[in-house]
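The values are calculated or read from the model by the stated rules, or taken from the named source; none is laboratory data. Note that this is a predicted model, so its numbers are computed, not measured. Here Cβ is always computed from backbone atoms with ideal geometry, including for glycine, and neighbour counts include all displayed protein chains. The accessibility values were calculated without ligands, DNA or RNA, using every heavy atom of the protein model including side chains. Shrake-Rupley method; radii C 1.70, N 1.55, O 1.52, S 1.80 Å.
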Amino acid sequence: MRVNKMLHPLRAFGLCCLALAPLLLTPAVAWADVASEDVDLVCDEAKNLAVVRFSTSWQAATVPRVPAALDHGLADSYAPSLTECTLADGTMIRVRGGVEQAFGYGEGGANPPAFFSLWINQRKVISREVWKPGYEKTITNPAIYDGALVTAKRITICATAEGKPQRCSSRPLNLAKAPIDRAEYPSSPRQPPVGHISVIAQGASNQRFCTDYLSRIKPELKDALNGRQTSLSIDDETFTEPTRLEHGWMRSGVVNLLPGDTRRLFIWESDTHYFDGTVIAIAPPWMTIREIVAAYPFDDIDSWPGSQAPPGVTLISGGQKQLYPGVSSRYVHQVPQMIDGALYFFAYPTNNKMRPTAALVKPLAGGGFVTLCAFNRTEPRY
């Protein structure tokens with residue numbers, strides 16, 4: 001495979017690959033949000049009416065309604081479900097719904113907020129407005145949007161809290177003060193489409209390697225970003241049974257760093273509030289768990305990257321200049337992979353609003369590591 005041909009120049013990394021570190025300092029952006037099908041648009045172009053509908057049921061049994069006195073029954077009609085339309089008076093309307101990231105911990109973590117954005121005549125008039133509160137607000141019986149009547153000048157939103165009557169409120173939409181949203185409506189159509197994954201690497205040979213790697217992992221990227229096994233992952237049988245710790249677990253195994261060069265991997269992992277990530281230590285094959293645990297006390301993971309590593313040990317984690325420097329070491333996941341006989345780590349942040357979307361890390365035979373590839377996925381705009 002072409003990937004195999006790229007391995008030879010990579011063994012002479014030197015300092016060139018460390019130039020990737022500034023690329024990882026890009027600010028956090030919202031890539032985490034899951035596109036939602038629970039927000040749609042129905043339009044009566046002739047009457048210059050549009051209704052944004054919100055649904056809390058995946059079964060879509062009943063779409064909550066706007067009072068017929070406001071929308072003349074449009075929300076109840078069998079008009080096509082849209083995300084944009086143009087009314088007879090020329091008003092162009094676009095809506096997009098999204099859902100924040102869900103977590104398996106924290107108050108209401110499994111029930112994330114849902115939101116929507118609205119554009120009228122290419123101007124963003126509503127940005128990421130929450131229509132279904134979530135997280136800790138779940139238990140407060142919040143009002144959930146039923147629907148919104150949209151015209152060129154006003155939006156009327158109707159919402160209902162459980163056990164309470166529906167309430168509708170109206171507010172003006174001041175298009176005159178809103179500029180055209182050039183990110184959503186670019187003057188050039190050359191912007192990458194949603195879902196496109198861009199590759200960032202230093203040097204032509206590394207760029208080729210990273211592009212080839214992406215072609216291999218892309219069909220399994222969703223699995224990789226959720227920590228599941230892929231065809232490149234190292235077999236679980238390579239590692240010991242996990243040892244349970246207070247906030248996670250630990251395992252180890254002997255693997256090839258390069259063909260003929262064996263090392264012991266120590267892997268700390270968890271999916272708890274305190275520690276939702278992976279930290280890896282690469283050590284000589286004879287090092288014991290007792291020795292590594294003495295060097296890295298589990299109750300103070302944030303201090304590990306700045307501590308003195310034992311001889312022959314490389315600690316790979318977030319919070320270091322080479323890998324997600326602005327993220328705690330407790331909140332970056334890593335998956336060990338074997339690519340043509342050499343060890344790599346596929347890394348991604350727990351909070352998937354952070355950039356890059358993912359990275360490929362290469363441990364070095366002489367100690368230390370480099371972030372060889374960074375991958376950014378184009379996400380919907382809100």
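Key figures for this structure:
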{"quantity": "Region 105-116 - phi-based ³J(HN,Hα) in whole Hz, Karplus 6.51/-1.76/1.60, Gly and Pro as x", "calculated": "8, x, 5, x, x, 7, 10, x, x, 10, 9, 8"}
{"quantity": "Directionally averaged shadow of the chain, computed from the convex hull of its alpha-carbon atoms, nm²", "calculated": "22.6 nm²"}
{"quantity": "Calculated FRET value between K153 and S187, using beta carbons and R₀ = 30 Å, to 0.05", "calculated": "0.70"}
{"quantity": "Over region 146-293, relative contact order from alpha-carbon pairs under 8 Å, at least 6 apart, %", "calculated": "9 percent"}
{"quantity": "Lysine pairs with alpha-carbon atoms under 27 Å apart, region 109-256, spacing 8 or more or separate chains", "calculated": "9"}
{"quantity": "Cβ crowding within 10 Å averaged over residues, with 191-203, 256-268 ranked highest first", "calculated": "256-268, 191-203"}
{"quantity": "Accessible area per residue, Å², the chain with all protein chains present, probe 1.4 Å", "calculated": "48 Å²"}
{"quantity": "Residue-by-residue Karplus 3J(HN,Hα) for region 278-288, coefficients 6.51, -1.76, 1.60, Hz, glycine and proline x", "calculated": "9, 10, 10, 10, 9, 9, x, x, 8, 5, 9"}
{"quantity": "Surrounding net charge for Y324, when Lys and Arg each add one and Asp and Glu each subtract one, Cβ distance under 15 Å", "calculated": "+2"}
{"quantity": "Contour excess over end-to-end distance, with Cα ends at S170 and T378 and 0.36 nm allotted per residue", "calculated": "71.5 nm"}
{"quantity": "Modelled FRET efficiency - R0 51 Å, Q229 with E129, Cβ distances, 0.05 increments", "calculated": "0.85"}
{"quantity": "Extension reserve of the L364-K177 stretch, reckoned as 0.36 nm per residue once the Cα distance is removed", "calculated": "61.9 nm"}
{"quantity": "Relative contact order computed over the chain (Cα-Cα under 8 Å; 6+ residues apart), in percent", "calculated": "17 percent"}
{"quantity": "Cα long-axis angle, helix 204-217 against the chain (0 to 90 degrees, to the nearest 10)", "calculated": "70 degrees"}
{"quantity": "Karplus 3J(HN,Hα) series, Hz, for region 303-313 with 6.51 cos²θ - 1.76 cosθ + 1.60 (x for Gly, Pro)", "calculated": "7, 4, x, x, 8, 6, 6, x, x, x, 10"}
{"quantity": "Under-5 Å amide H pairs with T243, H placed in peptide plane, nonlocal only", "calculated": "M250, R251"}
{"quantity": "Nearest-10 value in Å² for the accessible area of D271, using the 1.4 Å probe", "calculated": "90 Å²"}
{"quantity": "Rounded percent of accessible protein surface that carbon and sulfur make up, the chain, 1.4 Å probe", "calculated": "54 percent"}
{"quantity": "Stretchable slack from Q122 to A161, in nm (0.36 nm times residue separation minus alpha-carbon distance)", "calculated": "10.8 nm"}
{"quantity": "Estimated FRET transfer efficiency (T86, D236; beta-carbon r; R0 51 Å; 0.05)", "calculated": "0.40"}
{"quantity": "For T278, residues with placed amide H under 5 Å, excluding near neighbours", "calculated": "V332, H333, Q334"}
